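The values are calculated or read from the model by the stated rules, or taken from the named source; none is laboratory data. Model, not experiment: these values are computed from the prediction. Because the Cβ atoms are built from the backbone with ideal geometry, glycine has one as well, and the counts that use them run over all protein chains shown. In case anyone asks, the SASA skips ligands and DNA or RNA and just uses the protein heavy atoms, side chains included. Shrake-Rupley method; radii C 1.70, N 1.55, O 1.52, S 1.80 Å.
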Amino acid sequence: MNPILYIRDLEKTIDDFHLGPLDLSIEQGTITALVGNNGSGKSTLLKLIMNLVKPDKGNIKVHNTLVHGDNESWKELVAYQPQKIIGWDPFTGYTLKNLIAPLYPNWDDKQFQKIVEIFDIPLHKKFGKLSQGVQQKLNLALTIPRNASLLILDEPTSYMDIPSKKLLIDLLVDWMEPGNRSIIISSHQIDDIRKLSDYLYVLHNGKKIGHFEKEELVENYARYWLSSKAPNNIPGEVSREDGVLISSNPEETEAYLVEHNIRWTNRSSLEIEDVITLLLSKNNTIGGSQHGSHVNS
Amino acid sequence: MQKDIKRALQIMKPELKILRISYFWIFLFYTLYTILFIFGIDAQKNRFAGLDIFFVMLFIFGPLWFRPKELQIQKPNGDVWASPLTIMNLQLPIKRNIIVLKSIIFYFLGSFPFQLYMFVILYSFSPEIRTELDLISYLSFAIIWLSFGIYFGFSSLPIEVGYKMKSSVLNTILSLLLLGAIVVIIIVFPFYFTYGIVEWTIIFAIKWPIISAVISIFAAIIGYYYWKNKMLKLIKQADFQ
Amino acid sequence: MELPIRISKDSREPIYHQIVNQFKALIAGGHLAAGTPLPSIRVLSKDLEISIITTRRAYQDLEVQGFIKTLQGKGTFVADVSEDLKQDVKVTSVHNILENAVQTSLSFDYSVQQVKEIFLEILESYESKKGDN
C-alpha cells in the first residue's frame with residue numbers, strides 16, 4: 001500500500017534555522033503526533049507539506065504526487081489547519097463556508113452543522129471578532145468536514161477550553177472510523193498524544209529525533225528503584241536521582257544489574273510525557289541554544 | 001480560459017462582498033477627481049504639471065488607495081510580502097494560476113470601471129475637452145490611459161502573490177527615491193518637451209487616433225501577459241511562512 | 001459501551017497480550033455474550049490510550065482464536081464460543097492468576113512450603129464459610 005504522505009531527505013534553511021534532513025512516511029488509517037520544543041520546526045514542516053514553503057532539498061509526495069511540482073491536484077486530498085490563520089478576519093463563518101465547501105468533493109455539510117452545534121459557533125460574526133478559542137473551533141468546523149484523506153492540524157486546540165478539547169478528540173476518533181484517513185497533529189496537549197496518536201514524530205531544533213510507535217517508545221524506557229549502591233554510567237542509563245535510575249534500554253540495564261548483583265525493589269514504566277521530556281532535553285546539548293523561536297509559526 | 005475565469009470569480013465572492021462597501025467610496029473619489037480635472041484643464045495650459053502627477057498617480061496607485069484594510073498587502077513572516085487572501089487561497093485546493101487570475105480580475109474590477117466612468121464624465125461635462133477633441137480622438141485618448149492603467153497599473157500586482165523584499169531602511173529610502181524620481185520627471189517633463197504628459201497624450205490622440213489606440217491596446221495585452229507570468233513565477237517560488 | 005479492560009503498562013506482559021487475555025476472560029465468564037458489538041479498533045485505542053497497531057494485533061489474535069468475528073462494514077462482534085473453549089480459558093486464567101500469586105510470594109523470599117501453607121489456610125477459610133451457610 002502506498003503511503004498517504006512520503007517525505008524523503010527534506011531540508012530547508014530559513015535565516016539561521018536549519019530543518020532536516022527529514023524522512024517520514026504516513027500510512028492510511030494512522031494518527032501521527034508531531035512533537036517538539038518551541039522553534040523545533042513543526043509548523044515549518046507542515047507548511048513544507050502544504051507547499052507554502054519550498055524545500056531546499058528532498059521530496060514530499062502526497063498520494064504519489066510531488067507537492068512542489070506543477071500538478072496541484074493533491075490539494076483536494078489534504079485539509080490543513082494552520083496555527084495562525086491569515087486572511088479570514090474580514091469574513092463571517094457563513095462566507096467562509098460558502099467559499100471552502102465547494103472546493104472539496106467530499107465536503108460533509110451535516111458534519112459541519114454538527115460541529116457548529118456542539119461547539120456553539122456563531123456563523124454570522126466576522127472571524128476577526130471572535131475570541132481565539134472560538135476561532136479555533138470555527139476553523140475545525142471548516143476543516144474536518146472536508147473529509148480529505150490527510151488531515152493536518154497545527155496546534156488546533158491551544159486556546160480551547162477543556163470540555164471542547166475532549167469533544168474534539170471524540171470527533172477525530174469518529175472521523176477516523178472509515179479507516180483510510182490519516183491525521184498529522186502538532187500538539188503540546190498531552191491528551192492528544194495519549195488518546196489520539198499511534199505514532200510520534202519528534203523534532204528538536206530542526207533535527208529529527210525519531211519516528212516512534214507509541215507503545216514501543218514507552219517500552220523502551222523503565223525506571224528502577226535501586227536498593228544498593230551502583231556505579232555510574234550503567235548501560236542504558238539516562239538519568240539517576242536518589243537511587244532512581246531511568247534506562248532507555250531496560251534489557252541491557254537489567255542484564256548489567258543482575259550480573260553485578262545490584263538489586264532493585266521496584267520497576268515501573270514511564271509516562272509518555274516523561275519520555276518526551278527526556279527525548280527533548282537529552283538533545284539540548286547537541287542543538288545548542290542559539291536557536292530562537294522565530295520559526296515557531 | 002472561460003472556465004478559469006469562472007473559478008476565479010467563484011473564489012473571489014468573499015472579497016467582492018468587502019469591495020461592495022468600498023465601491024461607494026471609490027465612486028465618490030473618482031467623481032471628485034474628475035471635477036478637479038475639469039477645473040484644472042485650464043491650469044494645464046500654463047505648464048502646471050500638478051495635474052499630470054494626479055493623473056499618473058491615479059492610474060498607478062488609485063486602485064490600491066481604496067483597498068479595504070483587511071485585503072491590504074502584509075508581510076506575515078520572513079521577507080515575503082503577499083495579500084492575506086493569497087495565503088488563505090493557497091491553503092485551499094485552488095490552483096495557483098486561478099489565484100493569480102483572481103488577483104488580476106479583482107484589481108481590474110476596482111479600477112477599470114471607475115476609470116471608464118471618469119472618462120465618460122469628463123467628456124460629458126468639460127466643454128474644453130469637447131472643443132479640443134472630437135469623439136474619435138477622445139476615445140483614443142481614453143484608450144491610451146486605460147491601457148496605461150493595465151500595463152503600468154498592474155505593476156502593483158506582483159506584491160500580492162509573494163514578493164520577496166527585505167524591509168530595511170535602505171529599501172524604504174530606495175522606494176521613496178523612486179517615487180520622488182517619478183514625480184520629478186513628471187514635473188520637469190513640460191520644460192523639456194514643451195507639453196506635459198497628459199497634454200502629449202492628447203496630441204497623440206488627435207494626430208494619430210487609430211495608431212495610438214492600437215499601440216496602447218497592444219501594450220495592454222503584452223502588459224497583461226507579462227505581469228501574469230511574473231506573478232505565476234513569484235507565487236511558485238515564494239515561501240509563505 | 002466502555003469495557004472493563006484495564007491494562008498495566010508496568011507489567012512485563014505485552015499490552016496486546018493483556019488485552020487478549022482480558023477479552024477471553026470476559027467472554028468465557030459470560031460477561032460478553034455472543035453477538036455483543038465491540039468497540040472499533042480506533043475507539044478502543046483511545047479508551048486504552050494505546051496505538052491502533054497494538055489494538056489491531058489484539059483483535060487479530062482474538063479473531064484467529066475464534067473469540068470475536070468481524071463483519072465487513074458492520075463492525076466487530078463477540079463470536080459463538082464453544083463451552084469447551086470457554087472452559088479452557090477459565091482453567092488457563094485461574095492457572096495464570098495462581099501462578100502470578102505464587103511468583104509474587106516467592107519474590108518475597110517465602111519458601112514453597114510456606115506458600116503452600118498460606119494457600120491451604122485461605123482455602124480452609126473459604127470452606128468454613130461454606131459450612132456456615
- Message: I'm told residue A:109 meets every condition in (1) within 16 Å of residue A:97 (Cα to Cα); (2) surrounded by 15 or more Cβ atoms within 10 Å (Cβ to Cβ) except one. Can you identify the failing condition by its number?
- Response: (2)
- Item | strands (runs of 3 or more DSSP E) contained in the stretch A:31-105 and holding at least 1 residues open to solvent by less than 10 Å² (accessible area, probe 1.4 Å), at the interface with another protein chain (Cβ under 9 Å from one of its Cβ atoms) and modelled with pLDDT of 95 or more | A:31-36, A:78-81
- Positions within the stretch B:204-239 being open to solvent by 40 Å² or more (accessible area, probe 1.4 Å) and among the β-branched types (Val, Ile, Thr), in sequence order: B:206, B:210, B:211, B:214, B:215, B:217, B:221, B:222
- From B:99, B:104, B:73, residue being surrounded by fewer than 22 Cβ atoms within 10 Å (Cβ to Cβ) and either in contact with a helix residue (DSSP H, G or I) (Cβ under 6 Å, 6 or more places away or on another chain) or facing chain A (nearest Cβ under 9 Å) (or both): B:73
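Would you check which residues across the stretch C:1-24 are part of a helix (DSSP H, G or I) and within 28 Å of residue A:270 (Cβ to Cβ) and list them? Before you say what the answer is, go through the steps one by one.
Applying the first criterion (part of a helix (DSSP H, G or I)) to the stretch C:1-24 yields C:15-24.
Within the stretch C:1-24, C:15, C:16, C:17, C:18, C:19, C:20, C:21, C:22, C:23 meet the criteria.
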- Task: Just name the residue that is farthest from the chain's Cα centre (by Cα) out of those in the stretch C:38-77 that are within 13 Å of another protein chain (Cβ to nearest Cβ) and on the phi > 0 side of the Ramachandran plot.
- Result: C:73
- Item | Residue list for the stretch B:230-241, filter: among the aliphatic types (A, V, I, L, M) and not in a helix (DSSP H, G or I) | B:238
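Yes/no per residue for (1) aromatic (Phe, Trp, Tyr); (2) out of contact with any Asp or Glu (no Cβ under 7 Å at 6 or more places or on another chain); (3) closer than 28 Å to residue A:39 by Cα; (4) modelled with pLDDT under 90:
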{"site": "A:202", "(1), (2), (3), (4)": "no, yes, yes, no"}
{"site": "A:205", "(1), (2), (3), (4)": "no, yes, yes, no"}
{"site": "A:211", "(1), (2), (3), (4)": "no, yes, yes, no"}
{"site": "A:222", "(1), (2), (3), (4)": "no, yes, no, no"}
{"site": "A:230", "(1), (2), (3), (4)": "no, yes, no, yes"}
{"site": "A:233", "(1), (2), (3), (4)": "no, yes, no, yes"}
{"site": "A:239", "(1), (2), (3), (4)": "no, yes, yes, yes"}
{"site": "A:246", "(1), (2), (3), (4)": "no, yes, yes, no"}
- Message: Conditions first: (1) within 12 Å of chain A (Cβ to nearest Cβ); (2) within 19 Å of the chain's Cα centre (by Cα). Residue B:88 passes all but one, so which condition is the exception?
- Response: (2)
- Item | the stretch A:67-82 residues that are assigned by TED's automatic domain parsing to the domain that holds residue A:104 and charged (D, E, K, R), paired with ones that are part of a loop (DSSP other than H, G, I, E, B) and open to solvent by 30 Å² or more (accessible area, probe 1.4 Å) (beta carbon under 8 Å, 6 or more apart) | A:72/B:95; A:76/A:105
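For the stretch C:1-37, give me each residue that is basic (Lys, Arg) and within 14 Å of chain A (Cβ to nearest Cβ). Talk me through it step by step, then tell me what you get.
First, the residues of the stretch C:1-37 that are basic (Lys, Arg): C:6, C:9, C:12, C:24.
Residues satisfying the conditions are C:9, C:12.
From the list A:198, A:174, exactly one residue is free of Cβ contacts under 8 Å to residues at least 12 places away in the same chain and either in the same structural domain as residue A:25 (by TED's automatic domain parsing) or closer than 16 Å to residue A:274 by Cα (or both). Which is it?
Details: A:198 fails: free of Cβ contacts under 8 Å to residues at least 12 places away in the same chain.
After applying the criteria, what remains is A:174.
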- Note on the structure: For the stretch B:184-229 the number of residues that are aromatic (Phe, Trp, Tyr) and not in a helix (DSSP H, G or I) is 2
